[in-house]
2 protein chains.
Amino acid sequence: MNNQEKEHLIKDLEGKYHTYAEYLKVLAHPIRLAIIDALKEGTCCVSDVTELLQVSQPNISQHLAILRLHGIVEYEEDGKKRCYSLCNPSSSLAILATLGKHLS
Amino acid sequence: MNNQEKEHLIKDLEGKYHTYAEYLKVLAHPIRLAIIDALKEGTCCVSDVTELLQVSQPNISQHLAILRLHGIVEYEEDGKKRCYSLCNPSSSLAILATLGKHLS
DNA sequence: TTCTAACATTCGAATATTCTTATATGAAAA
DNA sequence: TTTTCATATAAGAATATTCGAATGTTAGAA
């Protein structure tokens, strides 16, 4: 590894890998992964997800907020309901697919 | 989504997604990602990594221990040195590649 | 054997994450 | 307008993560 590649690594540590790590941290929770899975074929409102995963409503809302603040999910209002969906399905699902391929 | 698929999601929450999340949590740190990058073309000893990433030796050792305990890296002894390498390069690098493809 | 280089481990403080409980908000039904 | 349903937010305790500082370990050089 030459000097230029070394410089590169240090910059990536502060830049690219910092960004990647932030994103991975958002995904690194079983409930959030399950939410992404639940949304892979369309839209779900909060009560749907709550019933599906058998987790308390405030907890689901908190996880949805984390995903939303990181641009992973978004919602549309439908009366009293909020219909959540994946912002960029191919991105989040690509990670899930890669994990599926490489982990037992 | 039918009832069988719903049951499936709950089981995955305790099983598959728990495993995935554990793995992602290990990767979700900029220094650990940079270590994986540094090892992608071969072997590095601790002092190599320390100098490369400009991080303290104990801290590098701590991160290497986390990666090692999760089966992501391993080492061979060479005198006083420990030569670290990726246990399963294709797996860890696949995640990095997917992130590279989908994140800006 | 003593010293030193290379690395690991321990401890503790600072910080971050997670979940539960309680409460707030806002849309629509009554 | 009052109530209710769907969801969000806040507060706080429990737990986990992270890093620096100090110390331990071990292989080989001197």
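The values are calculated or read from the model by the stated rules, or taken from the named source; none is laboratory data. Remember, predicted model here, so these are calculated numbers, not experimental data. Please note: Cβ atoms are built from the backbone with ideal geometry, for glycine as well, and neighbour counts cover all protein chains shown.
Descriptive notes on the structure:
- Conditions (1) more than 7 Å from chain A (Cβ to nearest Cβ); (2) assigned to a helix (DSSP H, G or I): number failed by residue B:10: (1)
- Those residues of region B:35-56 which are surrounded by fewer than 16 Cβ atoms within 10 Å (Cβ to Cβ), in contact with a strand residue (DSSP E or B) (Cβ under 8 Å, 6 or more places away or on another chain) and part of a helix (DSSP H, G or I), in sequence order: B:47
- Across region B:45-56, the number of residues qualifying as within 9 Å of chain A (Cβ to nearest Cβ) and not charged (D, E, K, R) comes to 4.
- Counted residues, region B:69-90 - those being surrounded by 18 or more Cβ atoms within 10 Å (Cβ to Cβ) and within 10 Å of chain A (Cβ to nearest Cβ): 0
- Criterion: within 11 Å of DNA strand C (Cβ to nearest atom), touching a residue at least 40 places away in the same chain (Cβ under 8 Å) and away from chain B (no Cβ under 11 Å) - qualifying residue of A:66, A:60: A:66
- Looking across region A:69-94 at every residue that is touching a residue at least 40 places away in the same chain (Cβ under 8 Å) and not in a loop (DSSP other than H, G, I, E, B), the one that is nearest to residue A:20 (Cα to Cα) is identified as A:92.
- Test result for residue B:32, surrounded by 16 or more Cβ atoms within 10 Å (Cβ to Cβ), near DNA strand C (Cβ under 9 Å from one of its atoms), modelled with pLDDT of 95 or more and of a type in the set (Lys, Arg): no
- Here region A:13-25 is the region considered, the condition is being modelled with pLDDT of 95 or more and crowded, with 19+ Cβ neighbours inside 10 Å, and the residue that is farthest from the other protein chains (Cβ to nearest Cβ) is A:16.
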